[in-house]
Amino acid sequence: MRFSLNPKKLTLFNKTRVLEQQIDEFFDKVSELGLVFSSALEVYLTDGANDEFDAFLQQAASIEGKGDTLRRTIEVELYAQTLIPDLRGDVLRLLEDMDHLMNVYEGNLFRISIQQPDVPEEFHSGYLELTRTVVTCVESVVLAARSFFRDINAVRDHNAKVIFYETEADKKGTRLQRAIFASDLSLDRKMHLRYFVERIDELANSAEDVADTLAIYAIKRRI
Amino acid sequence: MDLTVLILLGSGLFLGWSLGANDAANVFGTAVGTRMVRFGTAAAVCSVFVILGAVVSGAGAAHTLSKLGSIDAIAGSFMAALAAAITVYGMTRSGLPVSTSQAIVGAIIGWNLFSNSVTDTQVLLKIMFTWMACPILAGLIAVILFKLVRWILNKANLHLLRLDAYTRLALIGAGAFGAYSLGANNIANVMGVFVPVSPFTDFALTEQFTLTSVQQLFLLGSIAIAVGVFTYSKRVMLTVGNELMPMSPVTAWVVVVAHSIVLFLFSSQGLEHALAEAGLPTIPLVPVSSSQAVIGAVIGLGLLRGGRNIRWGLLVQIGTGWVITPFLAAAMCFVGLFFLQNVFDQQVHKSLRFELTPRVVERMSEQGVPKAAYADLVGRSYESSGALLDAMTKGMPLTGKQTRTAIDHARIQHTEITEIKLSRYDFSRLSEVQRIALQKLAGQQYQYAWELAEALSALSPQWRRLPTIALNRRFNKRLDEDLAYLIQTFESR
């Protein structure tokens with residue numbers, strides 16, 4: 001631990017406070033990206049890959065980039081200052097897992113932009129509902145991860161929500177896929193549409209994986 | 001200073017070094033082992049506070065050790081410290097966790113056996129009782145502290161990083177406190193045996209501040225401890241921090257604090273006096289083992305979690321080590337003293353004489369030693385306290401207190417209050433009234449130490465012992481120290 005004699009920097013826990021803010025900011029980025037993702041999907045389903053959609057895509061890429069930078073800074077600081085030695089590995093993995101969620105969000109938007117799937121209007125509500133559930137699921141895991149740092153007892157509550165929304169997402173995904181395959185669309189279109197259902201649903205599955213590991217970290221973090 | 005004295009003191013310094021290498025690990029082991037505090041920081045903080053603790057408040061526990069057996073020749077002290085140091089070092093090398101205080105107590109008993117001096121069983125039992133009490137007390141304190149800390153942390157909901165920063169600071173603070181207690185409590189183990197034969201004289205730094213001979217001795221010992229910390233404790237620290245039981249930084253803190261509190265309780269003269277003033281029972285001031293305190297605290301926390309984490313096999317091994325240590329040190333000291341005396345021709349104990357003159361007999365009877373024990377022994381003299389006691393207990397068994405009274409009264413210690421010695425005497429510890437009383441005795445000679453004490457107490461109430469209750473212990477202890485210094489100074493033959 002370094003103690004500075006400069007009156008401006010005399011706060012003993014200054015570096016800790018900065019790092020706390022950076023971790024919060026990182027989680028803000030995950031939440032923000034969720035909102036951008038659902039807005040972008042809404043725009044795509046109604047108006048296709050227009051300028052507004054592209055703007056969302058750029059925004060998502062930028063958020064993901066900032067998230068990456070923040071994650072790296074946090075990781076370096078944790079190692080450089082040898083902070084939380086007993087839980088450092090867990091925290092690092094948690095940050096990587098959350099970063100993976102951001103990558104999936106961003107990746108899905110890019111896939112839509114590149115492949116531009118033709119989604120018939122009858123399935124729009126199904127996709128939007130699935131997206132909302134999945135984003136809520138990820139948001140719950142973000143809250144669980146924040147709680148891991150600030151309020152360990154709340155992790156369990158948020159994890160329960162993650163599991164609930166993941167099941168909901170599964171149900172909605174299955175229902176949507178059944179509807180797609182029951183339609184008169186050609187097999188190639190059906191498979192294309194199924195692919196995007198699976199890609200969106202993967203967010204909820206990943207969120208659940210994070211929640212599972214987080215539950216173990218939380219037990220370890222209890223003194 | 002005489003070179004021989006320095007060589008002989010070397011064994012104490014060796015003991016200090018091994019104490020620094022092993023016991024300091026108990027203070028900072030968990031902090032360094034959990035990688036919360038860097039070794040360099042730990043070693044620096046530890047060294048500074050060990051030295052402070054030893055010099056500022058090391059005197060309390062040393063007194064109890066001196067009571068257990070007064071090793072009166074420096075060669076004897078050398079062997080006692082060497083036997084303890086070798087035991088500690090050897091046990092550590094063979095992978096057994098050690099207790100320095102047990103080693104030194106064992107060594108003192110070895111000296112007592114060799115010199116045929118009586119071991120004060122009451123003091124020995126008191127020390128052995130604390131060996132049991134210390135780990136149990138540490139365990140209890142750790143459990144209470146742990147529950148309290150967990151409750152506070154649950155309420156406080158600190159950010160993980162903030163908690164980390166606070167814990168780090170708290171570990172350094174607790175380590176500093178622990179090192180201070182370690183210095184205060186264990187310096188007696190390192191240098192206690194040299195107190196009666198200290199080669200130093202009081203040294204005035206400023207007008208107000210004097211470094212007494214005992215403090216100089218303790219300073220030297222604590223520097224040896226500090227060297228031990230820097231040179232050899234890193235590996236031990238990592239072992240302690242990782243091997244005992246998986247620990248979180250907060251648990252590590254609880255262990256260190258519980259251990260420090262126990263060490264502090266057994267070494268604080270101030271606390272003893274405060275408890276006595278409040279009419280509460282006091283805690284005996286004896287050197288306790290920091291390893292025992294740490295292990296007690298860890299076991300306490302382990303049991304709180306259902307005992308599944310504890311390595312019981314290791315615990316049995318540790319317990320065996322604790323039982324073996326004093327016996328090994330006693331045996332080694334005994335054999336060592338034999339060689340030192342018969343091969344190297346060193347005086348390992350003073351030749352003493354105990355004589356039961358009619359005056360002594362009368363005085364002993366007044367002090368409550370039953371006459372039947374020595375009625376036939378009047379006029380006889382003995383070469384050791386053991387021989388005296390053997391003769392007396394043939395008649396009838398004596399209690400521990402009666403034994404002590406008999407030995408103290410029958411021991412011949414010629415003193416002569418000469419003008420020359422009076423002119424050189426350091427009166428700084430004495431009050432004006434005490435000084436005048438002492439000067440009135442100029443020209444007088446005494447055959448027994450108690451005669452001098454009696455003469456002084458007749459001249460001034462300030463030279464009189466107060467009734468033996470906890471509240472008066474501090475006064476009586478100081479009076480005993482002053483009298484011991486007086487006798488040492490004015491001893492004529």
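The values are calculated or read from the model by the stated rules, or taken from the named source; none is laboratory data. Because the structure is predicted, anything quoted here is derived from the model rather than measured. FYI the Cβ positions are ideal-geometry reconstructions off the backbone, even for glycines, and counts take in every protein chain you see. Keep in mind that these areas ignore ligands, DNA and RNA; they rest on the heavy atoms of the full protein, side chains included. Shrake-Rupley method; radii C 1.70, N 1.55, O 1.52, S 1.80 Å.
What the Cβ-Cβ distance of A:Ile114 and A:Arg150 gives, at R0 = 41 Å and to the nearest 0.05, is a FRET efficiency of 0.55.
So for chain B, averaging the separation of alpha carbon pairs under 8 Å that are six or more residues apart and normalising by length, what relative contact order in percent results?
Numbers: 818 pairs, mean separation 119.4, N = 493.
This gives 24 percent for chain B.
Length available on full extension from B:Arg150 to B:Ile487: 0.36 nm per residue minus the Cα-Cα distance, which gives 115.8 nm.
By the Cα gyration tensor, region B:354-490 has an equivalent ellipsoid whose semi-axes, rounded to whole angstrom, run 29, 18, 12 from largest to smallest.
In region A:14-221, Cα pairs under 8 Å separated by at least six residues give a relative contact order of 24 percent. The charge dipole of region B:354-490, taken about its Cα centre with unit charges on the Cβ atoms of Lys, Arg (+1), Asp and Glu (-1) only, comes to about 440 debye. The P(r) of region A:117-223 has a tail past 25 Å containing 32 percent of all C-alpha pairs. Computed over the alpha-carbon atoms, chain B gives an Rg to Rh ratio of 1.00, Rh here being the Kirkwood radius from the mean inverse distance. Only protein heavy atoms count here; under a 1.4 Å probe, B:Asp480 has an accessible surface of about 60 Å².
Candidate cross-link partners of B:Lys477 among the lysines, defined by an alpha-carbon separation under 29 Å and a same-chain spacing of 8 or more, comprise B:Lys67, B:Lys126, B:Lys350, B:Lys371, B:Lys401, B:Lys421, B:Lys440. For region A:14-221, the C-alpha radius of gyration divided by 2.2 N^0.38 Å, with N the number of residues, is 1.09. If you look at the Cα atoms of region A:149-208, you get an Rg and a Dmax of 15.7, 52 Å. Computed on region B:354-490, with alpha-carbon pairs under 8 angstrom and 6+ residues apart, the relative contact order is 22 percent.
Mind pulling the angle between the C-alpha long axis of helix B:449-459 and the longest principal axis of chain B? Nearest 10 degrees, somewhere in 0 to 90. On a 0 to 90 degree scale, this one is about 80.
For B:Thr210, the residues 5 or more places off, or on other chains, whose built amide H falls under 5 Å of its own are B:Leu205. Using the Cα coordinates of the protein assembly as shown, the gyration tensor eigenvalues translate into equivalent-ellipsoid semi-axes of 76, 23, 20 Å, sorted from longest to shortest. Note on region B:450-493 and region B:30-54: Cα centroid distance 41 Å, given to the nearest whole angstrom. Distance between the modelled labels on B:Arg465 and B:Asp345, one decimal in nanometres: 4.1 nm (7 Å Cα→Cβ projection).
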